[in-house]
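Inspection log for the structure reproduced underneath, given as structure tokens.
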Amino acid sequence: MPERLPLVPDGTTIPPTPYLVVTLLAAGLVAVALRRRSPAVTGGHVLGLAPWMVLGSALHVLYVIDALPASVAPFAGSPTVYVTVAIIAGATWGAADAVDATRDRTPAVLAASGGALLVPVVAVALRGGVSTTGLWWSGIAVLTTIPVVVLLWWVLRSAVPEVGATGGVGVLVVLGHALDGISTAVGVTQLGFGERTPLSRLILELGGLPSVPLLGEGWLFVLVKLAVAGLVVWLFIPYVREKPGEGYLLLGFIAAVGLGPAAHNLLLFSVGG
């Protein structure tokens, strides 16, 4: 069994050596293939990866609830699962780019293939039982996030019109981190879940803060997440303009860092809340 690593988020493990070797080798091969292929990278391509960002978190939920066969479970541990999904997504991207002469259909292929894999994974997670309470609070977190994202994006566009250069990927960054912050605060306050990341846990456990409805004392964590998301999108404006391929890809990675944990929260609440 993999052992927990110190000084990192709870649940972080190193898989057994054979799995680690296979994962690293596959990642290297896909990385080399993509580098040689140099597929087009636009905002649409990065948005097409959104279902894959969620897929990694959904697979990890199956790992947490022991719903995976023992022979493949190590590939779904954290953070191995994100490398595993990146390998499959990268291979899919390369293959789609190779057969798409115009490169116009690749974003749709990425989104459709990621979604096709995500649906059965979520179905398996829910098949073991659904927590009515957890599902309710997951829905509340999503509904609360929507107006927050709309408002924050409006504020950003009003204060810095150039932020529009980041397009849908910029919105995805705000959405992912807003949903992560709100779902985490809801989980801690309403469902008694704990936070696995040390720095986030430190913010959530600050004492002496006034409590607010729904978010409890976690409102500070939400504000920090929103501020960081807005700052990052603003800082990436020149990068996206000067090197759109690199800019969109890195901005997409930042979006995944928020959207992935958010999806993990919502699904885990729904099956274990």
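The values are calculated or read from the model by the stated rules, or taken from the named source; none is laboratory data. Since the structure is predicted, the reported quantities are computational estimates derived from the model, not experimental observations. No Cβ is skipped: glycine too gets one built from the backbone with ideal geometry, and neighbour counts run over all protein chains shown.
Below is a table of values for the structure above.
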| item | result |
| --- | --- |
| Single match in Leu191, Leu206 (criterion: surrounded by fewer than 15 Cβ atoms within 10 Å (Cβ to Cβ) and hydrophobic (A, V, I, L, M, F, W, C)) | Leu206 |
| Residue count, region 45-73 (criterion: more than 20 Å from Leu268 (Cβ to Cβ) and surrounded by 19 or more Cβ atoms within 10 Å (Cβ to Cβ)) | 5 |
| Selection count, region 74-103, where residues are without any contact (Cβ under 8 Å) to a residue 12 or more places away in the chain and under 24 Å from Phe269 (Cα atoms) | 0 |
| Number of the exception - Leu55 against (1) touching a residue at least 60 places away in the same chain (Cβ under 8 Å); (2) touching a Phe, Trp or Tyr at 6+ places or on another chain (Cβ under 7 Å) | (2) |
| Positions within region 61-93 being assigned to a helix (DSSP H, G or I) and more than 13 Å from Tyr19 (Cβ to Cβ), in sequence order | Val61, Leu62, Val64, Tyr82, Val85, Ala86, Ile88, Ala89, Gly90, Ala91, Thr92, Trp93 |
| Number of the condition not met by Gly245 [criteria: (1) modelled with pLDDT of 95 or more; (2) under 30 Å from Arg35 (Cα atoms)] | (1) |
| Residue identified as at pLDDT below 90, assigned by TED's automatic domain parsing to the domain that holds Trp136 and in contact with a helix residue (DSSP H, G or I) (Cβ under 9 Å, 6 or more places away or on another chain) among Gly187, Gly194 | Gly194 |
| Condition broken by Pro107, with the remaining ones in (1) out of contact with any Leu (no Cβ under 9 Å at 6 or more places or on another chain); (2) farther than 30 Å from Gly272 by Cα satisfied | (1) |
| From the options Ala96, Ala125, Ala58, residue that is among the hydrophobic types (A, V, I, L, M, F, W, C), assigned to a helix (DSSP H, G or I) and in contact with a Lys or Arg (Cβ under 9 Å, 6 or more places away or on another chain) | Ala96 |
| Test set (1) of a type in the set (A, V, I, L, M); (2) at pLDDT 90 or above; (3) touching a helix residue (DSSP H, G or I) at 6+ places or on another chain (Cβ under 7 Å) - Leu231 fails condition number | (3) |
| Long-range neighbours under 8 Å by Cβ, at least six apart or interchain, first residue assigned by TED's automatic domain parsing to the domain that holds Ile88 and closer than 30 Å to Ala91 by Cα within region 108-135, second part of a loop (DSSP other than H, G, I, E, B) and charged (D, E, K, R) | Val109/Asp100 |
| Wholly enclosed helices (runs of 4 or more DSSP H) of region 151-235 bearing at least 1 residues over 29 Å from Thr12 (Cβ atoms), under 18 Å from the mean Cα position of the chain (by Cα) and touching a residue at least 40 places away in the same chain (Cβ under 8 Å) | 167-190 |
| Residue list for region 99-122, filter: over 17 Å from Thr42 (Cα atoms) and either of a type outside the set (A, V, I, L, M) or assigned to a loop (DSSP other than H, G, I, E, B) (or both) | Ser113, Gly114, Gly115, Pro120 |
